[in-house]
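Accompanying notes for the structure given below.
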Ligand SMILES: Cc1cc2nc3c(=O)[nH]c(=O)nc-3n(C[C@H](O)[C@H](O)[C@H](O)COP(=O)(O)OP(=O)(O)OC[C@H]3O[C@@H](n4cnc5c(N)ncnc54)[C@H](O)[C@@H]3O)c2cc1C
(Lines give C-alpha, C1' and ligand atoms only; values in the text may rest on other atoms or scores of the structure.)
Protein backbone atom coordinates (compact mmCIF):
# COMPACT_ATOMS: atom_id res chain seq x y z
CA UNK A 1 0.00 0.00 0.00
CA UNK A 2 1.15 3.49 -0.74
CA UNK A 3 -0.88 4.97 2.08
CA UNK A 4 0.16 5.01 5.70
CA UNK A 5 3.79 3.97 5.14
CA UNK A 6 5.51 2.37 8.11
CA UNK A 7 8.54 4.62 7.84
CA UNK A 8 9.94 7.48 5.84
CA UNK A 9 12.21 5.02 4.03
CA UNK A 10 9.26 2.80 3.12
CA UNK A 11 7.36 5.85 1.92
CA UNK A 12 10.24 6.87 -0.31
CA UNK A 13 10.63 3.35 -1.68
CA UNK A 14 6.93 3.13 -2.51
CA UNK A 15 6.89 6.63 -3.93
CA UNK A 16 9.77 6.00 -6.31
CA UNK A 17 7.66 3.96 -8.71
CA UNK A 18 4.30 5.51 -8.14
CA UNK A 19 1.91 8.17 -9.34
CA UNK A 20 -1.00 9.99 -7.74
CA UNK A 21 -3.81 11.00 -10.08
CA UNK A 22 -6.40 13.47 -8.76
CA UNK A 23 -9.75 13.39 -10.54
CA UNK A 24 -11.71 10.64 -12.29
CA UNK A 25 -13.31 12.61 -15.09
CA UNK A 26 -12.36 11.85 -18.71
CA UNK A 27 -8.86 13.33 -18.22
CA UNK A 28 -8.04 11.45 -15.02
CA UNK A 29 -9.22 8.22 -16.63
CA UNK A 30 -7.04 8.87 -19.68
CA UNK A 31 -4.01 9.56 -17.47
CA UNK A 32 -4.48 6.38 -15.43
CA UNK A 33 -4.90 4.36 -18.64
CA UNK A 34 -1.76 5.91 -20.13
CA UNK A 35 0.25 5.27 -16.97
CA UNK A 36 -0.82 1.62 -17.08
CA UNK A 37 0.05 1.44 -20.78
CA UNK A 38 3.53 2.83 -20.07
CA UNK A 39 4.25 0.45 -17.19
CA UNK A 40 3.58 2.44 -14.01
CA UNK A 41 3.91 0.05 -11.08
CA UNK A 42 1.49 1.73 -8.70
CA UNK A 43 -1.13 4.43 -9.22
CA UNK A 44 -3.22 5.96 -6.48
CA UNK A 45 -6.34 7.40 -8.08
CA UNK A 46 -8.34 9.87 -6.02
CA UNK A 47 -11.87 11.17 -6.63
CA UNK A 48 -14.92 11.56 -4.40
CA UNK A 49 -17.27 9.60 -6.67
CA UNK A 50 -15.60 7.89 -9.69
CA UNK A 51 -18.72 8.75 -11.63
CA UNK A 52 -17.31 10.21 -14.84
CA UNK A 53 -16.43 13.65 -13.41
CA UNK A 54 -18.42 16.69 -14.43
CA UNK A 55 -20.13 14.84 -17.28
CA UNK A 56 -22.46 13.56 -14.55
CA UNK A 57 -23.87 17.11 -14.43
CA UNK A 58 -24.85 17.00 -18.11
CA UNK A 59 -26.78 13.76 -18.74
CA UNK A 60 -29.27 15.42 -21.09
CA UNK A 61 -26.78 17.58 -22.99
CA UNK A 62 -26.32 16.46 -26.61
CA UNK A 63 -22.65 15.78 -27.29
CA UNK A 64 -20.80 18.02 -29.68
CA UNK A 65 -18.62 15.11 -30.74
CA UNK A 66 -19.54 11.96 -32.60
CA UNK A 67 -20.17 8.67 -30.82
CA UNK A 68 -17.22 7.12 -32.68
CA UNK A 69 -14.80 9.47 -30.91
CA UNK A 70 -15.93 8.29 -27.47
CA UNK A 71 -15.21 4.71 -28.51
CA UNK A 72 -11.90 5.73 -30.08
CA UNK A 73 -10.97 7.22 -26.68
CA UNK A 74 -11.33 3.75 -25.17
CA UNK A 75 -9.88 1.83 -28.11
CA UNK A 76 -6.44 3.46 -28.27
CA UNK A 77 -5.44 2.35 -24.79
CA UNK A 78 -4.46 -1.33 -24.37
CA UNK A 79 -5.23 -1.06 -20.64
CA UNK A 80 -8.73 0.28 -21.25
CA UNK A 81 -9.35 -2.33 -23.93
CA UNK A 82 -8.17 -5.13 -21.63
CA UNK A 83 -10.31 -3.84 -18.76
CA UNK A 84 -13.40 -3.40 -20.94
CA UNK A 85 -12.98 -6.86 -22.50
CA UNK A 86 -12.76 -8.43 -19.04
CA UNK A 87 -15.73 -6.57 -17.53
CA UNK A 88 -18.91 -8.55 -16.88
CA UNK A 89 -20.87 -5.87 -18.75
CA UNK A 90 -18.90 -4.23 -21.55
CA UNK A 91 -18.69 -0.47 -20.78
CA UNK A 92 -18.60 0.23 -24.55
CA UNK A 93 -21.72 -1.74 -25.45
CA UNK A 94 -24.29 1.08 -25.33
CA UNK A 95 -22.17 3.45 -27.40
CA UNK A 96 -21.29 0.69 -29.86
CA UNK A 97 -25.00 0.20 -30.56
CA UNK A 98 -25.56 3.89 -31.39
CA UNK A 99 -25.09 5.52 -34.79
CA UNK A 100 -21.35 6.21 -34.90
CA UNK A 101 -21.38 9.32 -37.08
CA UNK A 102 -23.80 11.24 -34.86
CA UNK A 103 -23.72 12.76 -31.39
CA UNK A 104 -25.50 11.31 -28.36
CA UNK A 105 -26.70 12.39 -24.93
CA UNK A 106 -23.68 12.92 -22.67
CA UNK A 107 -25.05 10.38 -20.20
CA UNK A 108 -23.52 7.74 -22.48
CA UNK A 109 -20.06 9.34 -22.34
CA UNK A 110 -20.37 9.71 -18.56
CA UNK A 111 -21.42 6.08 -18.13
CA UNK A 112 -18.53 4.98 -20.35
CA UNK A 113 -16.05 6.83 -18.12
CA UNK A 114 -17.57 5.62 -14.86
CA UNK A 115 -17.74 2.00 -16.04
CA UNK A 116 -14.23 2.07 -17.51
CA UNK A 117 -12.88 3.43 -14.21
CA UNK A 118 -14.50 0.58 -12.36
CA UNK A 119 -13.25 -1.94 -14.95
CA UNK A 120 -9.67 -0.61 -14.70
CA UNK A 121 -9.64 -0.98 -10.93
CA UNK A 122 -10.90 -4.56 -11.27
CA UNK A 123 -8.51 -5.51 -14.07
CA UNK A 124 -5.40 -4.02 -12.44
CA UNK A 125 -5.90 -4.50 -8.67
CA UNK A 126 -2.17 -4.57 -7.92
CA UNK A 127 -1.40 -1.42 -9.85
CA UNK A 128 -4.44 0.83 -9.36
CA UNK A 129 -5.38 1.87 -5.83
CA UNK A 130 -8.77 3.60 -5.98
CA UNK A 131 -9.23 6.10 -3.18
CA UNK A 132 -12.58 7.80 -2.67
CA UNK A 133 -11.92 11.19 -1.13
CA UNK A 134 -11.05 14.83 -1.59
CA UNK A 135 -7.47 16.06 -1.84
CA UNK A 136 -7.08 18.81 0.74
CA UNK A 137 -3.39 19.58 0.13
CA UNK A 138 -0.38 18.53 -1.93
CA UNK A 139 3.08 18.79 -0.38
CA UNK A 140 5.89 18.85 -2.94
CA UNK A 141 9.13 17.73 -1.39
CA UNK A 142 12.70 18.08 -2.58
CA UNK A 143 13.61 15.13 -4.80
CA UNK A 144 10.27 15.20 -6.65
CA UNK A 145 8.26 13.33 -4.07
CA UNK A 146 4.68 14.31 -3.35
CA UNK A 147 2.67 13.81 -0.19
CA UNK A 148 -1.04 14.08 -1.00
CA UNK A 149 -3.54 14.56 1.84
CA UNK A 150 -6.86 12.84 1.14
CA UNK A 151 -9.98 13.44 3.24
CA UNK A 152 -12.60 10.73 3.00
CA UNK A 153 -16.38 11.13 3.34
CA UNK A 154 -16.47 14.28 1.20
CA UNK A 155 -19.00 14.64 -1.60
CA UNK A 156 -18.26 16.91 -4.57
CA UNK A 157 -21.49 18.73 -5.39
CA UNK A 158 -19.68 20.73 -8.09
CA UNK A 159 -20.81 23.86 -6.25
CA UNK A 160 -19.71 27.20 -7.71
CA UNK A 161 -16.27 28.49 -6.80
CA UNK A 162 -14.91 24.98 -6.56
CA UNK A 163 -16.27 24.50 -3.07
CA UNK A 164 -17.35 21.10 -1.89
CA UNK A 165 -20.03 20.35 0.61
CA UNK A 166 -18.46 18.18 3.23
CA UNK A 167 -20.89 15.38 3.87
CA UNK A 168 -18.91 13.46 6.36
CA UNK A 169 -19.80 9.81 6.69
CA UNK A 170 -21.02 8.86 10.16
CA UNK A 171 -20.10 12.27 11.52
CA UNK A 172 -16.35 11.93 11.13
CA UNK A 173 -13.74 11.99 8.45
CA UNK A 174 -10.18 10.79 8.30
CA UNK A 175 -7.23 12.12 6.39
CA UNK A 176 -4.63 9.80 4.93
CA UNK A 177 -1.48 10.73 3.10
CA UNK A 178 -0.48 9.21 -0.22
CA UNK A 179 3.15 9.35 -1.34
CA UNK A 180 4.06 9.38 -5.00
CA UNK A 181 6.88 10.33 -7.33
CA UNK A 182 4.57 11.74 -9.96
CA UNK A 183 1.49 13.91 -9.54
CA UNK A 184 -1.30 14.44 -12.07
CA UNK A 185 -3.94 17.10 -11.48
CA UNK A 186 -7.10 16.39 -13.50
CA UNK A 187 -9.44 18.44 -11.34
CA UNK A 188 -11.71 19.97 -13.98
CA UNK A 189 -13.39 23.31 -14.60
CA UNK A 190 -16.65 25.00 -13.72
CA UNK A 191 -18.86 27.60 -15.39
CA UNK A 192 -17.66 31.17 -14.87
CA UNK A 193 -20.47 32.33 -12.56
CA UNK A 194 -20.87 36.04 -13.33
CA UNK A 195 -18.87 38.67 -15.17
CA UNK A 196 -16.57 40.95 -13.22
CA UNK A 197 -18.50 43.38 -11.00
CA UNK A 198 -20.75 45.14 -11.56
CA UNK A 199 -22.66 42.26 -13.16
CA UNK A 200 -25.28 43.34 -15.73
CA UNK A 201 -28.17 42.29 -13.49
CA UNK A 202 -26.90 44.16 -10.40
CA UNK A 203 -29.16 47.24 -10.94
CA UNK A 204 -32.21 44.95 -11.18
CA UNK A 205 -32.87 43.44 -7.74
CA UNK A 206 -35.79 41.35 -9.02
CA UNK A 207 -33.49 39.24 -11.20
CA UNK A 208 -32.38 35.87 -9.88
CA UNK A 209 -29.25 34.22 -11.26
CA UNK A 210 -29.85 30.71 -12.56
CA UNK A 211 -27.22 27.98 -12.48
CA UNK A 212 -25.87 27.23 -15.96
CA UNK A 213 -25.81 23.48 -15.37
CA UNK A 214 -29.51 23.56 -14.39
CA UNK A 215 -30.37 25.38 -17.61
CA UNK A 216 -28.46 22.75 -19.58
CA UNK A 217 -30.87 20.15 -18.19
CA UNK A 218 -34.36 20.46 -19.72
CA UNK A 219 -36.01 18.24 -17.10
CA UNK A 220 -34.74 20.58 -14.34
CA UNK A 221 -36.36 23.74 -15.73
CA UNK A 222 -39.92 23.31 -14.36
CA UNK A 223 -38.51 23.31 -10.81
CA UNK A 224 -36.83 26.71 -11.22
CA UNK A 225 -39.04 28.58 -13.71
CA UNK A 226 -42.72 29.46 -13.92
CA UNK A 227 -44.36 29.66 -17.36
CA UNK A 228 -44.75 33.43 -16.82
CA UNK A 229 -41.06 34.09 -16.14
CA UNK A 230 -38.74 35.94 -18.50
CA UNK A 231 -35.12 34.85 -18.74
CA UNK A 232 -32.01 36.62 -20.00
CA UNK A 233 -29.23 34.46 -21.44
CA UNK A 234 -25.80 36.06 -21.70
CA UNK A 235 -23.43 34.50 -24.22
CA UNK A 236 -23.28 32.88 -27.64
CA UNK A 237 -21.15 29.79 -26.98
CA UNK A 238 -22.13 26.13 -27.32
CA UNK A 239 -23.57 26.17 -23.79
CA UNK A 240 -25.49 29.41 -24.43
CA UNK A 241 -27.09 27.99 -27.58
CA UNK A 242 -28.14 24.81 -25.77
CA UNK A 243 -29.65 26.90 -22.96
CA UNK A 244 -31.57 29.01 -25.50
CA UNK A 245 -32.87 25.84 -27.13
CA UNK A 246 -33.95 24.40 -23.77
CA UNK A 247 -35.67 27.63 -22.72
CA UNK A 248 -37.37 28.06 -26.09
CA UNK A 249 -38.77 24.54 -25.83
CA UNK A 250 -39.80 25.09 -22.19
CA UNK A 251 -41.67 28.36 -22.79
CA UNK A 252 -42.84 27.58 -26.32
CA UNK A 253 -43.45 30.23 -28.97
CA UNK A 254 -44.82 33.21 -27.09
CA UNK A 255 -45.26 36.91 -27.62
CA UNK A 256 -43.70 38.90 -26.09
CA UNK A 257 -40.63 36.67 -26.03
CA UNK A 258 -39.84 34.90 -22.76
CA UNK A 259 -36.14 34.77 -23.52
CA UNK A 260 -33.74 37.58 -24.33
CA UNK A 261 -30.25 36.68 -25.53
CA UNK A 262 -27.36 39.12 -25.12
CA UNK A 263 -24.26 38.40 -27.16
CA UNK A 264 -21.09 40.20 -28.13
CA UNK A 265 -20.23 38.12 -31.17
CA UNK A 266 -21.92 36.51 -34.13
CA UNK A 267 -22.45 32.78 -33.80
CA UNK A 268 -19.43 30.77 -34.92
CA UNK A 269 -19.77 27.32 -36.45
CA UNK A 270 -17.28 24.49 -36.81
CA UNK A 271 -16.40 24.13 -40.50
CA UNK A 272 -15.88 20.56 -41.70
CA UNK A 273 -13.29 20.35 -44.49
CA UNK A 274 -13.16 17.75 -47.29
CA UNK A 275 -9.82 16.45 -45.94
CA UNK A 276 -11.41 15.61 -42.57
CA UNK A 277 -9.97 18.57 -40.67
CA UNK A 278 -12.27 20.97 -38.83
CA UNK A 279 -11.86 24.72 -38.79
CA UNK A 280 -12.91 26.18 -35.40
CA UNK A 281 -12.83 22.63 -34.06
CA UNK A 282 -12.76 23.79 -30.43
CA UNK A 283 -14.62 27.06 -30.62
CA UNK A 284 -17.30 26.55 -33.28
CA UNK A 285 -20.80 25.24 -32.75
CA UNK A 286 -21.30 21.58 -33.62
CA UNK A 287 -23.98 18.92 -33.68
CA UNK A 288 -27.46 19.65 -32.35
CA UNK A 289 -26.44 23.12 -31.14
CA UNK A 290 -25.14 24.09 -34.59
CA UNK A 291 -28.18 22.71 -36.44
CA UNK A 292 -30.61 24.46 -34.11
CA UNK A 293 -28.71 27.76 -34.12
CA UNK A 294 -28.61 27.81 -37.93
CA UNK A 295 -32.32 27.18 -38.24
CA UNK A 296 -33.58 29.39 -35.40
CA UNK A 297 -31.11 32.03 -34.23
CA UNK A 298 -29.67 33.44 -37.45
CA UNK A 299 -32.92 35.10 -38.47
CA UNK A 300 -34.35 37.58 -35.95
CA UNK A 301 -37.93 36.87 -36.99
CA UNK A 302 -37.52 33.10 -36.78
CA UNK A 303 -35.90 33.52 -33.35
CA UNK A 304 -38.82 35.67 -32.22
CA UNK A 305 -41.25 33.01 -33.39
CA UNK A 306 -39.37 30.66 -31.05
CA UNK A 307 -39.85 33.10 -28.17
CA UNK A 308 -36.31 34.53 -28.31
CA UNK A 309 -35.30 38.15 -28.67
CA UNK A 310 -31.68 38.54 -29.74
CA UNK A 311 -29.66 41.58 -28.66
CA UNK A 312 -26.16 42.32 -29.91
CA UNK A 313 -24.26 44.18 -27.21
CA UNK A 314 -22.87 47.44 -28.60
CA UNK A 315 -19.11 47.77 -28.13
CA UNK A 316 -18.36 50.24 -25.35
CA UNK A 317 -22.00 50.68 -24.34
CA UNK A 318 -23.26 47.33 -23.15
CA UNK A 319 -24.88 49.00 -20.14
CA UNK A 320 -27.43 50.73 -22.37
CA UNK A 321 -28.49 47.45 -23.97
CA UNK A 322 -28.93 45.79 -20.60
CA UNK A 323 -30.81 48.83 -19.26
CA UNK A 324 -33.20 48.68 -22.21
CA UNK A 325 -33.94 44.96 -22.02
CA UNK A 326 -33.53 43.79 -18.42
CA UNK A 327 -36.59 45.49 -16.87
CA UNK A 328 -39.26 42.78 -16.72
CA UNK A 329 -36.68 40.00 -16.74
CA UNK A 330 -37.06 37.64 -13.76
CA UNK A 331 -33.97 35.43 -14.18
CA UNK A 332 -30.57 35.57 -15.81
CA UNK A 333 -28.13 32.84 -16.78
CA UNK A 334 -24.52 33.53 -17.66
CA UNK A 335 -23.06 31.19 -20.28
CA UNK A 336 -19.78 33.06 -20.57
CA UNK A 337 -17.21 30.32 -20.40
CA UNK A 338 -15.53 27.96 -17.99
CA UNK A 339 -12.61 28.39 -15.62
CA UNK A 340 -10.38 25.95 -13.77
CA UNK A 341 -11.70 24.90 -10.39
CA UNK A 342 -9.49 25.84 -7.46
CA UNK A 343 -6.60 23.42 -7.13
CA UNK A 344 -5.80 21.72 -3.85
CA UNK A 345 -3.41 23.99 -1.91
CA UNK A 346 0.17 23.30 -3.02
CA UNK A 347 2.80 23.35 -0.31
CA UNK A 348 6.27 23.82 -1.76
CA UNK A 349 9.34 23.63 0.43
CA UNK A 350 7.08 23.96 3.47
CA UNK A 351 5.24 27.08 2.25
CA UNK A 352 1.72 27.20 0.79
CA UNK A 353 1.93 28.64 -2.71
CA UNK A 354 -0.38 31.51 -3.59
CA UNK A 355 -2.94 29.94 -5.99
CA UNK A 356 -2.43 32.77 -8.49
CA UNK A 357 1.21 31.73 -8.91
CA UNK A 358 0.42 28.23 -10.17
CA UNK A 359 0.34 27.78 -13.96
CA UNK A 360 1.24 25.11 -16.50
CA UNK A 361 2.97 24.57 -19.81
CA UNK A 362 0.21 24.22 -22.44
CA UNK A 363 2.46 22.04 -24.61
CA UNK A 364 3.31 19.43 -21.97
CA UNK A 365 1.03 19.94 -18.97
CA UNK A 366 4.06 20.54 -16.71
CA UNK A 367 3.03 22.41 -13.57
CA UNK A 368 4.85 25.67 -12.89
CA UNK A 369 5.05 28.02 -9.94
CA UNK A 370 6.00 31.65 -10.41
CA UNK A 371 9.40 32.29 -8.87
CA UNK A 372 10.15 28.57 -8.68
CA UNK A 373 9.80 27.20 -12.20
CA UNK A 374 8.57 23.71 -13.04
CA UNK A 375 7.44 21.53 -10.18
CA UNK A 376 9.37 18.42 -11.13
CA UNK A 377 7.10 15.41 -11.62
CA UNK A 378 3.81 17.37 -11.51
CA UNK A 379 1.45 17.77 -14.47
CA UNK A 380 -2.07 18.97 -15.14
CA UNK A 381 -4.42 17.60 -17.82
CA UNK A 382 -8.01 17.87 -18.96
CA UNK A 383 -10.29 20.83 -19.27
CA UNK A 384 -8.48 22.79 -16.54
CA UNK A 385 -5.08 22.33 -18.23
CA UNK A 386 -5.84 22.06 -21.94
CA UNK A 387 -3.31 21.79 -24.71
CA UNK A 388 -2.87 24.97 -26.75
CA UNK A 389 -2.91 24.26 -30.46
CA UNK A 390 -2.51 26.32 -33.60
CA UNK A 391 -4.53 24.93 -36.49
CA UNK A 392 -3.53 25.06 -40.15
CA UNK A 393 -5.44 28.33 -40.56
CA UNK A 394 -3.38 29.92 -37.79
CA UNK A 395 -6.19 29.92 -35.22
CA UNK A 396 -4.97 29.39 -31.67
CA UNK A 397 -7.40 27.29 -29.63
CA UNK A 398 -7.57 25.29 -26.42
CA UNK A 399 -7.98 21.67 -27.38
CA UNK A 400 -10.90 20.31 -25.38
CA UNK A 401 -12.88 17.07 -25.49
CA UNK A 402 -12.50 13.47 -24.38
CA UNK A 403 -10.70 12.23 -27.46
CA UNK A 404 -8.41 15.27 -27.54
CA UNK A 405 -7.46 14.78 -23.88
CA UNK A 406 -6.61 11.16 -24.62
CA UNK A 407 -4.57 11.94 -27.75
CA UNK A 408 -2.56 14.66 -25.99
CA UNK A 409 -2.01 12.64 -22.81
CA UNK A 410 -0.72 9.74 -24.91
CA UNK A 411 1.67 12.11 -26.67
CA UNK A 412 3.16 13.70 -23.57
CA UNK A 413 3.22 10.92 -20.97
CA UNK A 414 6.06 8.62 -21.94
C1 LIG B 1 -21.66 21.56 -21.46
C2 LIG B 1 -20.47 20.74 -21.88
C3 LIG B 1 -20.57 19.84 -22.92
C4 LIG B 1 -19.47 19.07 -23.30
N5 LIG B 1 -19.62 18.20 -24.32
C6 LIG B 1 -18.57 17.43 -24.67
C7 LIG B 1 -18.69 16.49 -25.74
O8 LIG B 1 -19.73 16.39 -26.38
N9 LIG B 1 -17.64 15.71 -26.05
C10 LIG B 1 -16.46 15.81 -25.37
O11 LIG B 1 -15.54 15.07 -25.67
N12 LIG B 1 -16.30 16.73 -24.38
C13 LIG B 1 -17.33 17.53 -24.02
N14 LIG B 1 -17.16 18.44 -23.02
C15 LIG B 1 -15.79 18.72 -22.51
C16 LIG B 1 -15.16 17.77 -21.50
O17 LIG B 1 -15.10 16.45 -21.99
C18 LIG B 1 -15.81 17.76 -20.14
O19 LIG B 1 -15.85 19.07 -19.65
C20 LIG B 1 -15.07 16.89 -19.13
O21 LIG B 1 -15.93 16.72 -18.02
C22 LIG B 1 -13.75 17.45 -18.61
O23 LIG B 1 -13.03 16.39 -18.03
P24 LIG B 1 -11.93 16.58 -16.89
O25 LIG B 1 -11.53 15.20 -16.52
O26 LIG B 1 -10.90 17.54 -17.31
O27 LIG B 1 -12.70 17.28 -15.66
P28 LIG B 1 -14.01 16.84 -14.84
O29 LIG B 1 -14.91 16.02 -15.66
O30 LIG B 1 -14.54 18.07 -14.22
O31 LIG B 1 -13.45 15.88 -13.68
C32 LIG B 1 -12.70 16.37 -12.60
C33 LIG B 1 -12.85 15.41 -11.43
O34 LIG B 1 -11.90 15.78 -10.43
C35 LIG B 1 -12.52 15.72 -9.16
N36 LIG B 1 -11.80 16.64 -8.27
C37 LIG B 1 -11.64 17.97 -8.40
N38 LIG B 1 -10.91 18.47 -7.38
C39 LIG B 1 -10.61 17.41 -6.58
C40 LIG B 1 -9.90 17.27 -5.35
N41 LIG B 1 -9.34 18.33 -4.73
N42 LIG B 1 -9.79 16.04 -4.81
C43 LIG B 1 -10.35 14.95 -5.43
N44 LIG B 1 -11.04 15.03 -6.58
C45 LIG B 1 -11.16 16.25 -7.15
C46 LIG B 1 -13.96 16.15 -9.42
O47 LIG B 1 -14.83 15.72 -8.38
C48 LIG B 1 -14.23 15.46 -10.76
O49 LIG B 1 -14.72 14.16 -10.57
C50 LIG B 1 -18.24 19.22 -22.62
C51 LIG B 1 -18.14 20.13 -21.57
C52 LIG B 1 -19.24 20.89 -21.20
C53 LIG B 1 -19.09 21.86 -20.07
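Key figures for this structure:
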{"item": "Scope the stretch 52-107; condition in contact with a strand residue (DSSP E or B) (Cβ under 8 Å, 6 or more places away or on another chain) and within 29 Å of residue 41 (Cα to Cα); matching residues", "result": "53, 54"}
{"item": "Those residues of the stretch 378-395 which are in a loop (DSSP other than H, G, I, E, B) and in contact (Cβ under 8 Å) with a residue 12 or more places away in the chain, in sequence order", "result": "381, 382, 383, 384, 385, 386, 391, 392, 393, 395"}
{"item": "Residue 40 vs. criteria in contact with a strand residue (DSSP E or B) (Cβ under 8 Å, 6 or more places away or on another chain), at pLDDT below 55 and assigned to a loop (DSSP other than H, G, I, E, B)", "result": "no"}
{"item": "Matching residues, the stretch 110-162, being over 30 Å from residue 64 (Cα atoms) and either part of a helix (DSSP H, G or I) or outside the structural domain of residue 58 (by TED's automatic domain parsing) (or both)", "result": "122, 123"}
{"item": "Members of the stretch 29-72 found to be within 8 Å of the ligand (Cβ to nearest atom) and over 16 Å from the mean Cα position of the chain (by Cα), listed by number", "result": "46, 69"}
{"item": "Which listed residue, of 372, 379, is more than 16 Å from the ligand (Cβ to nearest atom) and in contact with a helix residue (DSSP H, G or I) (Cβ under 9 Å, 6 or more places away or on another chain)", "result": "372"}
{"item": "The one condition in (1) touching a helix residue (DSSP H, G or I) at 6+ places or on another chain (Cβ under 9 Å); (2) at pLDDT 95 or above that residue 268 fails to fulfil", "result": "(1)"}
{"item": "Failed item in (1) crowded, with 18+ Cβ neighbours inside 10 Å; (2) out of contact with any strand residue (DSSP E or B) (no Cβ under 7 Å at 6 or more places or on another chain), with residue 252 passing the rest", "result": "(1)"}
{"item": "Criterion (more than 12 Å from the ligand (Cβ to nearest atom) and at pLDDT below 95) met by exactly one of 366, 414", "result": "414"}
{"item": "Restricting the stretch 92-109 to residues that are touching a residue at least 40 places away in the same chain (Cβ under 8 Å) and not in a loop (DSSP other than H, G, I, E, B), the residue that is surrounded by the fewest Cβ atoms within 10 Å (Cβ to Cβ)", "result": "105"}
{"item": "Flag for residue 241 being under 22 Å from the mean Cα position of the chain (by Cα), within 26 Å of residue 316 (Cα to Cα) and crowded, with 22+ Cβ neighbours inside 10 Å", "result": "yes"}
{"item": "Extreme residue, farthest from residue 50 (Cα to Cα), among residues of the stretch 172-181 that are more than 12 Å from the ligand (Cβ to nearest atom) and touching a residue at least 60 places away in the same chain (Cβ under 8 Å)", "result": "181"}
{"item": "Residue match in the stretch 389-402 (condition: within 14 Å of the ligand (Cβ to nearest atom), surrounded by 16 or more Cβ atoms within 10 Å (Cβ to Cβ), farther than 22 Å from residue 66 by Cα and not assigned by TED's automatic domain parsing to the domain that holds residue 275)", "result": "no"}
{"item": "Any chance residue 355 is modelled with pLDDT under 95 and more than 22 Å from residue 242 (Cβ to Cβ)", "result": "yes"}
{"item": "The listed residue being assigned by TED's automatic domain parsing to the domain that holds residue 244 and crowded, with 16+ Cβ neighbours inside 10 Å, out of 315, 319, 329, 302", "result": "329"}
{"item": "Spans of helices (runs of 4 or more DSSP H) in the stretch 182-295 with at least 2 residues away from the ligand (no atom under 16 Å from the Cβ) and in contact (Cβ under 8 Å) with a residue 12 or more places away in the chain", "result": "221-224, 238-251"}
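The values are calculated or read from the model by the stated rules, or taken from the named source; none is laboratory data. Here the structure is a predicted model, which is why all the values come from computation and not from measurement. Methodologically, a virtual Cβ is constructed for each residue, glycine included, from the backbone with ideal geometry; neighbour enumeration extends over all protein chains shown.
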